[in-house]
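Following: one structure in structure tokens, then a few remarks.
The values are calculated or read from the model by the stated rules, or taken from the named source; none is laboratory data. In this text, all values refer to a predicted model and were calculated from it rather than measured experimentally. Ideal geometry is used to build each Cβ from the backbone, glycine not excepted, and the neighbour counts take in all protein chains shown. The area values use the complete protein model at the heavy-atom level, side chains included, leaving out ligands, DNA and RNA. Shrake-Rupley method; radii C 1.70, N 1.55, O 1.52, S 1.80 Å.
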Amino acid sequence: MSDIAITTEHLTRDFESVRALDDLSLEVPAGSIFGFLGPNGSGKTTTINLLLGLFEPTGGSARVLGYDTVEAGDAIRANTGAVLHEPGVYEELTAEENLQFFGRAARMDRVAIEARSRDLLGNLGLWQRRYERVEGWSRGMRQQLALARAMLHRPRLLFLDEPTAGLDVMASADVRESLAALAESEGVTIFLTTHDMAEAERLCASVAVIRDGRLITVGNPDVLRARHGGPHLDFIGHGFSGELVARLQAHPQVVAAELTEEHLVIDLRDDISAASLVRLVVESGAEVEEVRRGQANLEEVFITLMNEAPS
Amino acid sequence: MIADLRAVIWKEWRSLIHGQNRRQLLIMLASLAFWAVWLPFQTGADWMTDGVISILISVLLPALVVAITVPPAFAGERERKTLATLLATRLPDQAILYGKLIVPVVAGWVAMAAVLLVGLLVANAASWDGSPRFYDPVVIVPDLLIGLLVAVATAAVGVGISLRARRVQDAQQMISMMLMLPAMGLGLLLFILAEMTGGIADAAAQLDGINGWLVALVVIAILVVVDVALLIVAQRRFRRGRLITLL
């Protein structure tokens with residue numbers, strides 16, 4: 001089996017005069033969780049639809065699990081699972097009937113569907129409720145069922161389009177936990193789009209950031225944090241003067257210094273020793289109660305990238 | 001393909017029974033009871049020989065049942081936001097399309113056949129003269145075939161309308177309005193025929209003089225051509241690449 005689950009080369013898609021995806025080239029390693037991040041309307045769902053072979057690209061090409069998306073869409077859909085923005089489960093049917101249908105659609109026999117349903121619903125804590133109609137279920141439970149449905153036929157690759165969107169904190173945590181457990185136990189590759197940067201940071205081995213259909217950056221979250229969100233010092237206290245901020249901004253190791261109420265935040269150029277800067281602040285007469293040294297999280301990196309990227 | 005078709009039919013049948021249109025189906029069943037019990041009870045022996053009543057049943061009933069049951073299968077998928085997931089499965093476009101068409105068509109045809117069967121029993125009971133009577137073959141055979149072809153035509157038209165409609169209810173209303181057009185056309189045709197022959201009774205007498213089998217054969221042949229054309233159009237419209245952009 002190839003080490004690469006997805007390859008796109010200059011993948012482009014236009015909708016009439018609008019370019020939804022522009023020259024996307026990337027590789028998704030097999031067996032990993034890959035985060036595809038971007039604001040609304042940035043081309044994430046278009047990318048998933050192209051990778052599933054649901055429509056053809058205007059330009060470029062893509063291969064999913066070795067299959068060309070234009071020529072072998074059927075084979076791609078047979079070997080992948082998808083939860084596309086909405087749970088996509090039939091409310092009028094029971095959980096068991098939903099899995100029966102999607103299992104039959106995947107050409108599984110009845111015995112295999114039952115055995116697999118027991119495993120998946122059991123792991124997700126839904127086995128006891130399998131004969132209930134889904135219409136009475138919470139969105140979180142439906143999303144769990146959608147995960148079970150997508151994993152039913154043991155796909156090698158799973159597309160998840162914002163699987164925790166619209167869920168409360170607890171339901172999101174449950175879905176994330178299920179996702180991580182399933183990915184680990186099944187060894188499946190996951191292509192995940194999300195707005196939740198903490199989720200991406202926690203789950204993804206690598207992420208790509210897209211805006212206006214264009215790829216901005218791709219890499220391991222730690223590498224992206226180091227590349228796009230440098231270290232910073234956060235001073236908490238009183239008496240930070242405008243003159244101090246000006247002196248800090250002129251310091252060769254300081255990228256930026258910003259004063260907000262009782263916080264003085266200094267972005268550092270490199271991972272240098274903070275001692276000289278702490279001394280500078282204290283000697284200015286400010287009353288420092290606490291100093292924290294930290295690195296930008298993925299959300300801050302994302303915001304930085306969105307602000308940097310030309311619109 | 002057959003296994004895929006069976007999977008879709010299996011799901012559609014369950015959705016039909018348990019879906020949101022259950023209330024409409026119950027109303028439909030109540031009206032079927034009117035057609036199957038009250039009318040034959042009133043008409044008695046004429047029920048078996050009157051071609052007008054049976055042709056009305058074979059045209060109207062399947063069309064009405066299909067008009068109610070087709071939209072949930074297509075517009076309903078979009079309204080409930082399940083269509084994208086369905087399209088992301090390995091099911092071929094044709095299996096999804098025909099699987100979704102077969103259930104409403106069979107439901108419409110079975111409803112019609114059931115009304116004709118129950119009507120036969122009621123009419124016999126109401127006008128019992130010691131021996132059972134049956135429909136005239138020149139009436140019942142074309143009725144059963146025409147009912148099936150009308151159901152298919154309505155379903156194929158319903159696909160096109162349902163794919164454009166935002167809601168199930170919109171699609172049902174639109175299909176019902178579309179059904180009025182052929183009915184109005186038929187009425188107009190009868191009116192013109194009556195004008196040309198000097199009255200309804202004379203027109204009926206003229207029609208009686210024509211070979212029933214020949215008329216049935218011509219009507220069935222026209223409906224077959226119409227059905228094939230409509231199914232080809234429905235198949236061309238029901239493509240993943242097109243449907244996914246409509247979401």
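When you go through B:44, B:19 one by one, which is the residue that is farther than 17 Å from residue B:173 by Cα and modelled with pLDDT under 80?
B:19
Taking the residues in the stretch A:61-87 that are open to solvent by 50 Å² or more (accessible area, probe 1.4 Å) and over 14 Å from residue B:87 (Cα atoms) as candidates, determine which candidate is nearest to the other protein chains (Cβ to nearest Cβ).
Here the answer is A:70.
Restricting to the stretch B:107-133, name every residue that is closer than 30 Å to residue B:238 by Cα, aliphatic (A, V, I, L, M) and touching a residue at least 12 places away in the same chain (Cβ under 8 Å).
B:107, B:111, B:112, B:113
Would you please name the residue that is farthest from the other protein chains (Cβ to nearest Cβ), looking only at residues in the stretch B:1-15 that are part of a helix (DSSP H, G or I) and exposed (fewer than 15 other Cβ atoms within 10 Å of the Cβ)?
The extreme case among them is B:2.
Filter the stretch A:122-138 down to the residues that are surrounded by fewer than 14 Cβ atoms within 10 Å (Cβ to Cβ) and within 19 Å of residue A:168 (Cβ to Cβ) and list them by number.
A:125, A:136, A:138 - these are the residues of the stretch A:122-138 that are surrounded by fewer than 14 Cβ atoms within 10 Å (Cβ to Cβ) and within 19 Å of residue A:168 (Cβ to Cβ).
Looking at the stretch B:227-247 only, could you name the residues that are open to solvent by 60 Å² or more (accessible area, probe 1.4 Å), part of a helix (DSSP H, G or I) and of a type outside the set (S, T, N, Q)?
Hits for the stretch B:227-247 are B:228, B:232, B:233, B:236, B:237, B:242, B:246.
Just to be sure before I move on: is residue A:149 more than 10 Å from every other protein chain (Cβ to nearest Cβ) and either in contact with a strand residue (DSSP E or B) (Cβ under 9 Å, 6 or more places away or on another chain) or not in a loop (DSSP other than H, G, I, E, B) (or both) in the structure I sent?
For residue A:149, the condition - more than 10 Å from every other protein chain (Cβ to nearest Cβ) and either in contact with a strand residue (DSSP E or B) (Cβ under 9 Å, 6 or more places away or on another chain) or not in a loop (DSSP other than H, G, I, E, B) (or both) - is not met.
Do you know which of the residues in the stretch A:163-194 that are charged (D, E, K, R) and surrounded by 19 or more Cβ atoms within 10 Å (Cβ to Cβ) is nearest to residue A:32 (Cα to Cα)?
Here the answer is A:176.
Which of the residues that make up the stretch A:88-121 are open to solvent by less than 60 Å² (accessible area, probe 1.4 Å), within 13 Å of chain B (Cβ to nearest Cβ) and among the basic types (Lys, Arg)?
If the condition is that a residue be open to solvent by less than 60 Å² (accessible area, probe 1.4 Å), within 13 Å of chain B (Cβ to nearest Cβ) and among the basic types (Lys, Arg), then A:104 is the only one that fits.
If I filter the stretch A:214-257 down to residues being among the small types (Gly, Ala, Ser) and more than 28 Å from the chain's Cα centre (by Cα), which single residue comes out as surrounded by the most Cβ atoms within 10 Å (Cβ to Cβ)?
A:257
Restrict the check to the stretch A:29-45 and report whether at least one residue is open to solvent by 20 Å² or more (accessible area, probe 1.4 Å) and among the basic types (Lys, Arg).
no
If we keep just the residues of the stretch A:271-304 that are under 30 Å from residue A:36 (Cβ atoms) and not aliphatic (A, V, I, L, M), which is surrounded by the most Cβ atoms within 10 Å (Cβ to Cβ)?
Checking each candidate, the answer is A:302.
Answer yes or no as to whether residue B:158 is touching a Gly at 6+ places or on another chain (Cβ under 9 Å), open to solvent by less than 10 Å² (accessible area, probe 1.4 Å) and farther than 17 Å from residue B:43 by Cα.
Considered against the rule, which asks whether it is touching a Gly at 6+ places or on another chain (Cβ under 9 Å), open to solvent by less than 10 Å² (accessible area, probe 1.4 Å) and farther than 17 Å from residue B:43 by Cα, residue B:158 comes out as no.
When you go through (1) in a helix (DSSP H, G or I); (2) more than 14 Å from every other protein chain (Cβ to nearest Cβ); (3) open to solvent by 20 Å² or more (accessible area, probe 1.4 Å) one by one for residue B:133, which number turns out not to apply?
The single condition residue B:133 does not satisfy is (1).
Does residue A:261 satisfy the condition of being open to solvent by 30 Å² or more (accessible area, probe 1.4 Å), in contact (Cβ under 8 Å) with a residue 12 or more places away in the chain and farther than 30 Å from residue A:41 by Cα?
Here the answer is no, as residue A:261 does not meet what is asked.
If we only count helices (runs of 4 or more DSSP H) wholly inside the stretch B:41-100, which ones have 1 or more residues that are open to solvent by 20 Å² or more (accessible area, probe 1.4 Å) and away from every other protein chain (no Cβ under 14 Å)?
Correct list: B:46-49, B:51-79.
Would you please name the residue that is nearest to residue A:163 (Cα to Cα), looking only at residues in the stretch A:83-126 that are touching a residue at least 24 places away in the same chain (Cβ under 8 Å) and of a type in the set (Val, Ile, Thr)?
A:83
For the stretch B:136-162, give me each residue that is modelled with pLDDT of 85 or more and more than 21 Å from residue B:225 (Cα to Cα).
B:140, B:162
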